[in-house]
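Trainee: Dumping the structure here so I can ask a few things about it.
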Amino acid sequence: MTDPFSTDTPDAGSRKRRTDTQESTQDNEIELTVLWQGVRRHLPWIALATALTASGVFLWSRAQPDVFEASSSLVTTGNSSNIGALRDSVVTAAPLPEGALQEALRGPVVLGEIIERVRDEESLAAELRTELASDLQKELRRRDVTTVALQNQLDFNGNGIYTVSARAGTPEAATFLADATAQALLNWDRGRALSGVQRAERSLRAQLGEVDRQLAEGGQSDLERQTLIASRATLQRSLAQTGIQAEGVSGSLELVAPAVVPLDRVAPKPTRNAVLAGLLTLLLGTGIAALRTVTDRTARTEDDLLAFGLPTLGMIPRLRRREVVFNGIVRAARLAGLYEAIGFLRVNILSRIGNKPGQRVMISSTAPGEGKSSLTATLADGLAASGQRVLIIDADMRRGTQQEVWDKYETQHEWVQLTGQNGARTLAEALKDPHNVQVMEAEPGVHVLPAGPGMHDSLSLLNRAPLGEYLTQWGQGYDLILIDSPPLLALADGLVIGRHVDHVLLVVEEGRTSLQAIRQSLRRARNANVNVLGFIMNKVNPSGQDGKTYGYSYGYAPRERKG
């Protein structure tokens, strides 16, 4: 009976199971999508490696000498129990055990005869004879014969076909080598039967000699002498019969079909080898890319950052290094069409923090080289383009980069009095004399307070100064203060500065910033009571983005300075 107060009704249970199944299916689809995206990122390199490998194998195969193959067939029959016995005047060799013929082919008797035949064959070119003989000699010493080969198709009783194949540089040489190998095997097989007859002949001759010796000594009785004479006659008849058997001895093998001159080469095959090498490289490259994707623990997409519970406020595409070198980061960002990406970032930030003037936003990262300084400059440029006044404070006093960024953008800068008269032009000097500070006018609406020369005691300087009061004083008259801080995992300076700002943005480089580093940075920020507003994913591969460029083309046009 069903409990009326229970919510686990059969319908609810089935719906729950369907929901679990759908979620599991969605998870699997997401994993496959991530796997495909990871493989797709490496597709250009995989395609390049496949093309280079296939081309290299094709050219290498074409450079190899031609190889022709010819084959000859031998048959073995009559392996019954009475084979090997004397049958009239014909002696047949005993049946071959399995694998015996292959061992004979690798031995010095058969292979030695083949080598001699090759050296004596005048129909072949002298250079080719020398090469073949040398190769066979090396294979004999290594006990690894590849120039000639033997395959068999035998039944349970050992009856069947042996196929002798040989490879050489010309069709004629391959044909001769196959026939010579088959004949050498036939001679070896016949020699097995002949050796038994020869042993019997030697035994009979030894017995006959002993009888003759006894008769020559004399001293026997008449009966003994008659017996020796009879034995001598019997031995002579057997010896004569053995000689006849030696003439008719045969092996267990017979030639079925001699070799035929081949028309087509068997190697090399450049097209086949190139296709196989290309397919192997493609499969191997795809497997490595899939494995790297599965084991990758870096932030690749916005979905990778969802687990941290913070929004991703912007996706900034990667700029070409050549454009940055020649034009500077700010101008390159304008020429490359980053207007949309910076525009989205600007709108998302302002919608989060509101329109209150003088707010302090610190931009940091987990490690150096993730693009926080460049992003700070391009964001300030975008904010200024929308009519806002921005102050950039380069707080990375170990190695400040804002001066270098804006010097690349413009060689001559004007200095504007921020507080007092004349005075400090770097953050290090401003912390010591906060009431007399000048800032660099990077462009209309953007002022910069550089970090100054690198210093090692920056943390002590930050701890001694009432940083919050100074930032409030310096930020008067500005809509937004952007602070370029040191990486959170590299120095503690960023955590000290972060306690005196309103918001912190964490820059994450696609494919480089590890999820573990992000987790550690957020943990340190939380322990230091630093408010992290969200992430900015930087240097994003444009091909991996779902959205496409709208199609406008932007050119660089410097803004006029107001008098």
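Trainee: In segment 452-486, which residues are aromatic (Phe, Trp, Tyr) and either open to solvent by 10 Å² or more (accessible area, probe 1.4 Å) or assigned to a loop (DSSP other than H, G, I, E, B) (or both)?
Mentor: Tyr470, Tyr478 - these are the residues of segment 452-486 that are aromatic (Phe, Trp, Tyr) and either open to solvent by 10 Å² or more (accessible area, probe 1.4 Å) or assigned to a loop (DSSP other than H, G, I, E, B) (or both).
Trainee: Anything in segment 340-369 that is of a type in the set (Ser, Thr, Tyr), assigned to a helix (DSSP H, G or I) and surrounded by 16 or more Cβ atoms within 10 Å (Cβ to Cβ)? List them, or say none.
Mentor: As a first pass, look at segment 340-369 and keep what is of a type in the set (Ser, Thr, Tyr): 351, 364-366.
Of the ones still in play, those that are also assigned to a helix (DSSP H, G or I) are 351.
Passing the criteria: none in range.
Trainee: Yes or no: Thr293 in a helix (DSSP H, G or I), crowded, with 17+ Cβ neighbours inside 10 Å and either modelled with pLDDT under 85 or in contact with a Pro (Cβ under 6 Å, 6 or more places away or on another chain) (or both)?
Mentor: Taking the combined requirement at face value, the residue satisfies it.
Trainee: From the list Glu217, Glu201, exactly one residue is at pLDDT below 90, acidic (Asp, Glu) and touching a helix residue (DSSP H, G or I) at 6+ places or on another chain (Cβ under 8 Å). Which is it?
Mentor: When all the criteria are applied, what remains is Glu201.
Trainee: Right, here's the next one. Which number in (1) within 30 Å of Asn529 (Cβ to Cβ); (2) of a type in the set (Lys, Arg); (3) open to solvent by less than 50 Å² (accessible area, probe 1.4 Å); (4) assigned to a helix (DSSP H, G or I) marks the one condition that Arg334 misses?
Mentor: Condition (1) is where Arg334 drops out.
Trainee: While we're on this one: With surrounded by fewer than 14 Cβ atoms within 10 Å (Cβ to Cβ) and on the phi > 0 side of the Ramachandran plot as the only criterion, which of Gly243, Gly209, Gly219 stands out?
Mentor: Unique residue meeting the criteria: Gly219.
Trainee: Separate question: Kindly provide the set of residues from segment 141-179 that are touching a residue at least 60 places away in the same chain (Cβ under 8 Å), in a strand (DSSP E or B) and at negative phi, ordered by number.
Mentor: Once the filter is applied, which keeps residues that are touching a residue at least 60 places away in the same chain (Cβ under 8 Å), in a strand (DSSP E or B) and at negative phi, segment 141-179 yields Leu154, Ile161, Tyr162, Thr163, Val164, Ser165, Ala166, Arg167, Ala168.
Trainee: If you check Asp135, Asp120, which single one turns out to be free of Cβ contacts under 8 Å to residues at least 60 places away in the same chain, within 18 Å of Glu69 (Cβ to Cβ), open to solvent by 30 Å² or more (accessible area, probe 1.4 Å) and among the acidic types (Asp, Glu)?
Mentor: Exactly one residue qualifies, and that residue is Asp135.
Trainee: Turning to a different aspect of this structure: Hey, could you check segment 407-445 for residues that are within 48 Å of the chain's Cα centre (by Cα) and touching a residue at least 12 places away in the same chain (Cβ under 8 Å) and say which is most open to solvent (accessible area, probe 1.4 Å)?
Mentor: Ranking the qualifying residues of segment 407-445, first place goes to Lys408.
Trainee: Right, something else. On the basis of being among the acidic types (Asp, Glu), under 30 Å from Phe344 (Cβ atoms) and either touching a residue at least 12 places away in the same chain (Cβ under 8 Å) or open to solvent by less than 20 Å² (accessible area, probe 1.4 Å) (or both), does Glu404 make the cut? Don't jump to the end; show me each part of the working.
Mentor: Working: among the acidic types (Asp, Glu): yes; under 30 Å from Phe344 (Cβ atoms): yes; either touching a residue at least 12 places away in the same chain (Cβ under 8 Å) or open to solvent by less than 20 Å² (accessible area, probe 1.4 Å) (or both): no.
Criteria not met by Glu404.
The values are calculated or read from the model by the stated rules, or taken from the named source; none is laboratory data. Just so it is clear, the structure is predicted and the values come from calculations on it, not from any experiment. Cβ atoms come from the backbone with ideal geometry, glycine included; neighbour counts cover every protein chain shown. What goes into the accessible areas is simple: the full protein's heavy atoms, side chains included, and nothing from ligands, DNA or RNA. Shrake-Rupley method; radii C 1.70, N 1.55, O 1.52, S 1.80 Å.
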